[in-house]
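First the structure, in the form of structure tokens, and then the observations on it.
The values are calculated or read from the model by the stated rules, or taken from the named source; none is laboratory data. None of the values given here were measured: they were computed from a predicted structure. Here the Cβ positions follow ideal geometry from the backbone for every residue, glycine too, while neighbour counts run over all protein chains shown.
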Amino acid sequence: MLEAEDIKKISHRFAELQAGALFMCNRQKKLDLAFAVSSSVSNDIDYIVWIAPGQYLSSASYVEQVKNSAGQNAQFLHFFSIENLSLNDLNYLKLYELACMYRVLCIVDGSVAIKNAEAGRTQRLLAMKHKFAYRLILSEIPLTRGILDLYTQFYFLNPLILNMTQTQFRHMFLPISIGDFDVVKRISTPQDEIKLIKMIRPYILTCDFTNNVDIIYHDYNFELTPSEAKVYEQEKEDFLNRRDRVAFFAGCATFSIFVYFM
């Protein structure tokens, strides 16, 4: 649990950067911290725009939970569905007008929903990012398929964090590799993942993800003939030579990066 002094430091960093990310598993704690952070800039904003997936906003309990966490700031809240940014022009124009006419803190809950740079909702939100005075993203799972999911989320916070195009991001952190049977993959190395985390770490205000994957070991003893041992050694070398990289679409890649957030 975060202490009062920790929250104070997080809030100060957010006010200084004017942007940040809260990656937390517990929804209630995430919402409470989001509004604690927003209080640090309350004198500098007119409204809080709360953008979330439609399935979130369709839940009365979720909306009530957000309002309860907002406290007295609930009167300054405006809710928008992520999907409606592209599906409903009227709602998008309302959001655009708010951002142009007032000083707005934009909070995107479930920010992994804007991971796809080709999606209309993502393009519209990115196009107006600079019009928000402050930007905060929240997510319980910031990655679903790999580190490319992080690009648009942090581009929304501040393009200078990564200071590159998505194509450049792919080439730098997800170089092309030829796997078995000449399968072309985009894969990341642990070294590149650490490099990426160093770049985005200042904007990660807090992250409570841990590596909870249990590893179970089984020992088996075999007696091999010399020819079998030779084949075994060759197979082992071929296997280990490919283990310095993690397949971009492999399930383990989704969570391997979380440990570096801490």
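Numbers below:
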read-out: Residue in region 7-22 that is over 21 Å from TYR134 (Cβ atoms) and touching a helix residue (DSSP H, G or I) at 6+ places or on another chain (Cβ under 8 Å) present; value: no
read-out: Strands (runs of 3 or more DSSP E) contained entirely in region 147-248, each with at least 3 residues that are at pLDDT below 80; value: 176-178, 184-188
read-out: Unique residue being of a type in the set (Val, Ile, Thr), farther than 27 Å from LEU77 by Cβ and buried (at least 17 other Cβ atoms within 10 Å of the Cβ) when the list is ILE137, ILE187, ILE194, ILE176; value: ILE187
read-out: Enumeration of residues in region 127-178 that are closer than 29 Å to MET101 by Cα, over 14 Å from the mean Cα position of the chain (by Cα) and of a type in the set (Gly, Ala, Ser); value: ALA127, ALA133
read-out: Among the residues listed as VAL41, VAL37, VAL49, VAL112, the single one being of a type in the set (A, V, I, L, M), touching a Cys at 6+ places or on another chain (Cβ under 6 Å) and closer than 29 Å to ILE197 by Cβ; value: VAL49
read-out: Residues satisfying the stated conditions in region 15-71, i.e. within 20 Å of ALA113 (Cα to Cα), touching a Lys or Arg at 6+ places or on another chain (Cβ under 9 Å) and among the hydrophobic types (A, V, I, L, M, F, W, C); value: ALA19, LEU22, PHE23, MET24
